[in-house]
1. So for ARG81, ARG30, what's the accessible-area order with a 1.4 Å probe, most first?
2. Once fully extended, how much extra length lies between LEU52 and THR36, figured as 0.36 nm per residue of separation less the alpha-carbon to alpha-carbon distance?
3. Decide, for region 9-55, between rounded, prolate and oblate: order the square roots of the alpha carbon gyration tensor eigenvalues as a ≥ b ≥ c, take rounded if a/c falls under 1.5, and otherwise choose prolate if a/b is larger than b/c, else oblate.
Amino acid sequence: MLVALTGIGLSAAAGLNAYIPFLLVALLARLTDVVTLPSALVWMESWWAIGLGAVLLLTDVVLDKVPLVDTFNDVVQTVMRPATGGIVAAATTAAESVEGSTWVSENPWVPIVAGVLVAALVHSGKAAARPVVNAATGGAGGPVASVVEDVVSVGLSLVAIFLPVLVVVVLGLLVWAFVALWRRRRRRRVGASAPPAPAGPA
């Protein structure tokens, strides 16, 4: 169960920012014994992969703070975020030796597919919510939302690795935030499409 929660948490974090969980896993594998990558993913802890991830993270962080540009960036990240979600979820196969389970090694495709789907779902919510935030605030809320998303991605990545039992709580709060934004957008649309009230008698 902990293996699954770690993979889900990391892939959800990748749905918000592809490079934060990637870099966290890569650096922990490179510099500590907390994460041990499976042989197929050892390339993640190489300095060239970490350096490229850092450059891509900086680029994403900057572009995601600019209204309108952030929407275009979300379109580009439609491929990167789910792909990274699959990679970081697959990296959790290293945790099975700690938990004592074998389901990951017997079904290596499961964490990859699950990671892609979870990251794609979170990314879809983020991409749909950002235009709503920008429209409601005249673009001023976009950078704030981006910072919050980055912070949540960092926090969720750390929780997934060190306290995976709390992943369910964090994901529940994330779903609640997306649903609240969706309902707000729906109310705005209904209000905008409602016919004007008839004028009263003079």
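1. From most exposed to least exposed: ARG30, ARG81.
2. Length gained between LEU52 and THR36: 3.7 nm.
3. It comes out oblate by the Cα gyration axes.
The values are calculated or read from the model by the stated rules, or taken from the named source; none is laboratory data. Since we're looking at a predicted model, the values are computed, not measured. Surface areas here come from the heavy atoms of the whole protein model, side chains and all, with no ligands, DNA or RNA. Shrake-Rupley method; radii C 1.70, N 1.55, O 1.52, S 1.80 Å.
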